[in-house]
Amino acid sequence: MPFYSRIIFVIFLLILSNQGKAQSINLKISGENDTSTKTIDSIGYIKTFTNYNGLQTEIILLKEKLTQQGFIDSSIENITKQNDTLFEAQLILGNKIDNIRIYYDSTFNSALLSSIHHNSEDGFFELNIIELETYLKNLNSRIAEQGDPFSTLQLINISKSSSELISADLEVVTNQKRRIDNIIIKGYEKFPKSYLKHFMKLKTGKSFNLNAIKQKIELLNELRFASKIKEPEVLFTQDSTTLYIYVEKIKTNNFDGFLGFGTNENTNKIEFDGYLDLRLINNLNYGETLSLFYKSDEIDQQTINVDADLPYLFGSPIGLQVGLNLFRKDSTFLNAKQYAEINYQVNAQQKIGIGITSTTSTNLLENDTDILNDYKSDYYTLHYNYTKPQYYDPLFPVNFWFDFSSGFGNRTNEVGKEKQNVFTLDTYKIFNLNNKNSIYTRLNGATLTSDNYLDNELFRFGGINSIRGFEENSLVANLYGVLSTEYRYRLSSTIYVHSVLDAAYFENKLTNTKEKLYGFGFGLGLLTNAGLFRLNYSSGKTENQQFKLSDSKVHISLTATF
């Protein structure tokens, strides 16, 4: 035979040999009767293998699945080779047992079994055998949450109590219970420790529960000045447990201002108004907020407000808020209000507080009148605030806001002392319809109850932060309510347009006025590197008045974060 023919013959033999080695084998499993075979087929198994070892492993796995289904007496009867490519196996299933009774000793904490019905005095609980594996895993997780993350469970002394019930003893293998011995902040090392203790409820000495820790660390995302970088990590040593939390500091200082202009009805000249709102947040790494607000509008009114919000004083759960508010109405009167409030952070969203407010008003006119004179008022106040943030959205960082306060006190002037009550409400909600469309609704209002009123103690409202289309603080009332709505559409992640549809009702008992107001318009919001730029065009009217384009207001504002 020529040499090249021998080469071809050898290659041919090698190909046949490889095909023989790669030849697959098949498996067919049956039970002791047709019903058992249907049960096996319903559970399912792999039927094709490349070698006999894989086939044997699959039969053993199937038997384990049958045991988990309640066929604890199942057994492998035989495995026979029918030909070179087919093996047949027979399994005897026996009777199916549905329930298992598990006994535990007196040292086991039976309160962990609260998710199932059982009598703790009997010292056992029963389960459907199909649920056994899942339940034991959950039970082990509950034990780990008690401070023993390395505990294990196992069933011992398994036996058949009857043809319908098996029993076993529960054995809990415990290790040393773990507590949080040390908490280390990474990334933002100066993160205020009081927020760990009171806001997130994370303290050293507490039982180690990883799931609870993860939930508490998620609260970082509800802070304006910090956020979570990644999931926490835990270092276990022989005698200590150290928790590592990864945090980054976020720029939250902001400056807000706007420029507004409109046409004066009397002079037909354009008049300007504006304000600034400066907030410095967490610059001292205590979570504090320092605010400065100034506003001057087109009807010669000036407002100055200085406020300091100091949470968790001296590491306690109590915070303090103090402030000063000055309001001047041209050359008519000047109000100076001082307030102090002690507050308590109930949880990440809710805060309650009690305080005192004192207001002194000075009549700047030469003579006092029945509706305008000097007075001093003092109130005891109650305050409640609820905030639901969505800080992942830079355009609309707060989804729901509810702020209610009440004051009970007296006003004293030259006439005498008068009992008064005051209530204020400011709340808004964003309804996110989808990624592009949302509806914003806001309700704010206030009421002052008294037997008689002075003009310099009434509420001033109207403008971009109240009912739009009216001059800033041009409306005077002892009771008012404003409903503001916007339909918002996102053109992109940084640009949105919106409608303006506002309605208001107010009463002024000094002038015996009850009136309904409406505001219509549209607006634009643009998130830039400098901050959030907003432009509103709106026109307002009273109930019996027609719209006048000449009365329309254009408001421009820019909120810069630094």
Which ones in the stretch 309-321 are surrounded by 15 or more Cβ atoms within 10 Å (Cβ to Cβ) and not acidic (Asp, Glu)? Leu310, Pro311, Tyr312, Pro317, Ile318, Gly319, Leu320, Gln321
Filtering the stretch 281-301 down to residues that are farther than 14 Å from Arg224 by Cβ and touching a residue at least 12 places away in the same chain (Cβ under 8 Å) yields Leu292, Phe293, Tyr294, Lys295, Ser296, Asp297, Glu298, Ile299, Asp300, Gln301
Look through Phe533, Phe470 and report the one residue that is out of contact with any helix residue (DSSP H, G or I) (no Cβ under 9 Å at 6 or more places or on another chain) and at negative phi. Phe533
Among the residues of the stretch 484-497, the number that are within 21 Å of Ser466 (Cα to Cα) and surrounded by fewer than 20 Cβ atoms within 10 Å (Cβ to Cβ) is 3
Conditions (1) more than 19 Å from Phe124 (Cβ to Cβ); (2) in contact (Cβ under 8 Å) with a residue 60 or more places away in the chain; (3) in contact with a Ser or Thr (Cβ under 9 Å, 6 or more places away or on another chain); (4) among the hydrophobic types (A, V, I, L, M, F, W, C): number failed by Val173: (2)
Checked pairs for the stretch 502-530, first more than 23 Å from Asn452 (Cα to Cα), second of a type in the set (Ser, Thr, Tyr) and not in a strand (DSSP E or B), C-beta under 7 Å and 6 or more apart or across chains, list as Leu526/Thr494; Leu527/Thr494
Flag for Phe272 being within 27 Å of Tyr392 (Cβ to Cβ) and modelled with pLDDT under 80: no
Say we look at the stretch 358-389 and pick out the residues that are without any contact (Cβ under 8 Å) to a residue 24 or more places away in the chain and either under 23 Å from Gly409 (Cα atoms) or not charged (D, E, K, R) (or both); which of these is surrounded by the fewest Cβ atoms within 10 Å (Cβ to Cβ)? Asn367
Could you please give the count of residues in the stretch 389-443 that are among the polar types (S, T, N, Q) and farther than 25 Å from Tyr375 by Cβ? 9
Can you pull out the residues in the stretch 196-252 that are in contact (Cβ under 8 Å) with a residue 40 or more places away in the chain, part of a strand (DSSP E or B) and charged (D, E, K, R)? Glu248, Lys249
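The values are calculated or read from the model by the stated rules, or taken from the named source; none is laboratory data. None of the values given here were measured: they were computed from a predicted structure. We place every Cβ from the backbone using ideal geometry, glycine too, and count neighbours over all the protein chains shown.
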